[in-house]
Amino acid sequence: MNKQITICLTSLIITLLSFSLSAQQNKYVINRGDVLDVRVMEHPEFSIEKIYVLPDGTLQYPGFGSIVVAGMTTKELKDTIETALEKYVVNPIATIFIRDIKKQTINIFGYVN
């Protein structure tokens, strides 16, 4: 019985590790129509909630203007915002939250096998 538990636990650990590695490699890419929250630690004046990615792939960030974000990962956007904030804040720490993901729809007309 102990051997079966050990095998099950080993299998579970391997599965969790592979899931963790695949999650790190498959980072979310921001798309048009997504809704984001940007939070800057200890600087609520630079934090924004419910900011929409516009149809042209940009978002309007007060003080910095238009930033092209469609196709970026959340880490790339975080780095971009932190770099822009370095003019105003010492060692800025930003966090990007995906509040709403635009749903992808596919319409199929006609007969489908």
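The values are calculated or read from the model by the stated rules, or taken from the named source; none is laboratory data. What you are looking at is a predicted structure, and each value in this text was computed from that prediction instead of being measured. We place every Cβ from the backbone using ideal geometry, glycine too, and count neighbours over all the protein chains shown.
Identification of strands (runs of 3 or more DSSP E) wholly contained in segment 25-68 with 2 or more residues that are of a type in the set (Val, Ile, Thr) and closer than 22 Å to residue 92 by Cα yields 35-40, 48-52, 65-68. So, in segment 72-101, how many residues would count as being under 22 Å from residue 34 (Cα atoms), free of Cβ contacts under 8 Å to residues at least 40 places away in the same chain and not in a helix (DSSP H, G or I)? The number of residues fulfilling the criteria is 0.
Take residue 70 and decide whether it is within 15 Å of the chain's Cα centre (by Cα) and either of a type in the set (Lys, Arg) or modelled with pLDDT under 65 (or both). Considered against the rule, which asks whether it is within 15 Å of the chain's Cα centre (by Cα) and either of a type in the set (Lys, Arg) or modelled with pLDDT under 65 (or both), residue 70 comes out as no. Residues that are modelled with pLDDT under 95 and in contact with a helix residue (DSSP H, G or I) (Cβ under 9 Å, 6 or more places away or on another chain) are absent from segment 10-22 altogether.
Scanning segment 61-97 for residues that are closer than 15 Å to residue 45 by Cα and of a type in the set (S, T, N, Q) returns a single hit, 95. On the stretch given as segment 36-45, residues that are over 18 Å from residue 64 (Cα atoms) and either touching a Lys or Arg at 6+ places or on another chain (Cβ under 9 Å) or hydroxyl-bearing (Ser, Thr, Tyr) (or both) total 0.
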